[in-house]
1. Could you list, in sequence order, all residues of the stretch 44-69 that are more than 17 Å from residue 34 (Cα to Cα), in contact with a helix residue (DSSP H, G or I) (Cβ under 6 Å, 6 or more places away or on another chain) and either open to solvent by 100 Å² or more (accessible area, probe 1.4 Å) or part of a helix (DSSP H, G or I) (or both)?
2. Find all pairs meeting these conditions: Cβ atoms under 8 angstrom apart; at least six residues apart or on different chains; first residue within the stretch 55-83 and at positive phi; second residue surrounded by 11 or more Cβ atoms within 10 Å (Cβ to Cβ) and of a type in the set (Phe, Trp, Tyr).
3. So which of 72, 16, 20 ends up being basic (Lys, Arg), modelled with pLDDT under 85 and either exposed (fewer than 10 other Cβ atoms within 10 Å of the Cβ) or in contact with a Leu (Cβ under 7 Å, 6 or more places away or on another chain) (or both)?
Amino acid sequence: TSKAYVRIIAKWGYTRSMSRVGRCIDNSPMESFWGHFKDEWYVWDSYPTLADLQDSIDEFMSFYNNDRIQERLSFLTPAEYRDQAA
């Protein structure tokens, strides 16, 4: 809601959250994801290059979407759940 923040976002061509002030419903899925990411992937390894870091994150994202079953999705992976819903 900060006017300065709104100007910066507009300057860079980003889209702001669509929720109203005081409604954080759109933050919940991402905060949940970042919690899982930090618990399951984040390690204190050092990566020689940015490409190595990106490759490691890509591997985790593939695992998270295609191999990691989730109880809240009836023990399906996110990809299987999306396919079932389609």
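The values are calculated or read from the model by the stated rules, or taken from the named source; none is laboratory data. Everything quoted here is computed from the prediction, not taken from an experiment. Methodologically, a virtual Cβ is constructed for each residue, glycine included, from the backbone with ideal geometry; neighbour enumeration extends over all protein chains shown. Note: areas computed on protein heavy atoms with side chains; ligands, DNA, RNA excluded. Shrake-Rupley method; radii C 1.70, N 1.55, O 1.52, S 1.80 Å.
1. Hit for the stretch 44-69 is 66, nothing else.
2. Correct list of pairs: 74/81.
3. Every option except 20 fails the conditions.
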